[in-house]
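**Student:** Got a structure for you, questions after.
The values are calculated or read from the model by the stated rules, or taken from the named source; none is laboratory data. None of these values were measured; they are calculated from a predicted model. Ideal geometry is used to build each Cβ from the backbone, glycine not excepted, and the neighbour counts take in all protein chains shown.
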Amino acid sequence: MVGLLLVRGFCPRFGGSVSRRGRFSGANRADMPTPAQVLRRVFQDVFDSDPYLTRSFYELFLGRYPQVQSLFKSNDPKLQGRMLREVLVAIIDHLAVLNTLDSEYHLADTLRALGERHVAWGVTPEMYDWFGECLRETVQRAAGEAWTERVDAAFSDAYDAVVALMTDQS
């Protein structure tokens with residue numbers, strides 16, 4: 001359920017919800033972008049300004065948590081980075097432009113399938129925390145002053161929702 005609430009645009013940290021037309025229903029916030037739109041803008045800027053973002057992420061992640069290195073032995077690092085970038089862009093773009101229930105369920109189904117593959121590869125629940133910690137730190141560093149409390153809250157909510165769907169806790 002947590003995943004579907006975020007996908008539908010609900011973000012409890014911002015005290016309201018987003019209608020299908022992208023309007024925020026919280027008090028005095030009709031012109032505010034949705035959390036998904038905030039994330040999309042920051043990620044787009046970061047990806048445009050830092051072509052080595054995913055390399056920086058994997059250096060941090062694998063350096064901080066060397067026990068996960070064995071999970072990446074069969075993939076070329078450049079390919080792994082490209083796949084991560086494509087998944088992040090797809091999720092954020094999908095959340096920012098959702099307008100049909102079918103689209104919402106497609107995202108949920110896709111993330112559940114991705115989670116099943118990660119279980120088969122040996123990913124454990126605690127590894128999602130490690131991954132999220134390193135992803136946040138990498139993107140936050142690259143975003144600089146653009147990383148605000150609002151962006152951090154949107155990132156946390158989105159990441160928690162994605163993990164819930166991937167681990168089928170929604």
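**Student:** Is it true that some residue in the range 2-14 is at pLDDT 85 or above, assigned to a helix (DSSP H, G or I) and of a type in the set (A, V, I, L, M)?
**Tutor:** no
**Student:** Also, I was wondering about something else. Being surrounded by fewer than 17 Cβ atoms within 10 Å (Cβ to Cβ), hydrophobic (A, V, I, L, M, F, W, C) and either in a helix (DSSP H, G or I) or at pLDDT below 55 (or both) narrows it down to one residue among Val38, Val87, Val46; which is it?
**Tutor:** Val87
**Student:** Might you let me know whether the range 76-97 holds any residue that is among the acidic types (Asp, Glu) and under 20 Å from Phe155 (Cα atoms)?
**Tutor:** The answer is yes, given that some residue of the range 76-97 is among the acidic types (Asp, Glu) and under 20 Å from Phe155 (Cα atoms).
**Student:** Within the range 95-109, is even one residue surrounded by 16 or more Cβ atoms within 10 Å (Cβ to Cβ), modelled with pLDDT under 90 and closer than 15 Å to Phe43 by Cβ?
**Tutor:** yes
**Student:** Test Tyr128 against the criterion of being under 18 Å from Tyr65 (Cα atoms), free of Cβ contacts under 8 Å to residues at least 40 places away in the same chain and buried (at least 17 other Cβ atoms within 10 Å of the Cβ), and give yes or no.
**Tutor:** Criteria met by Tyr128.
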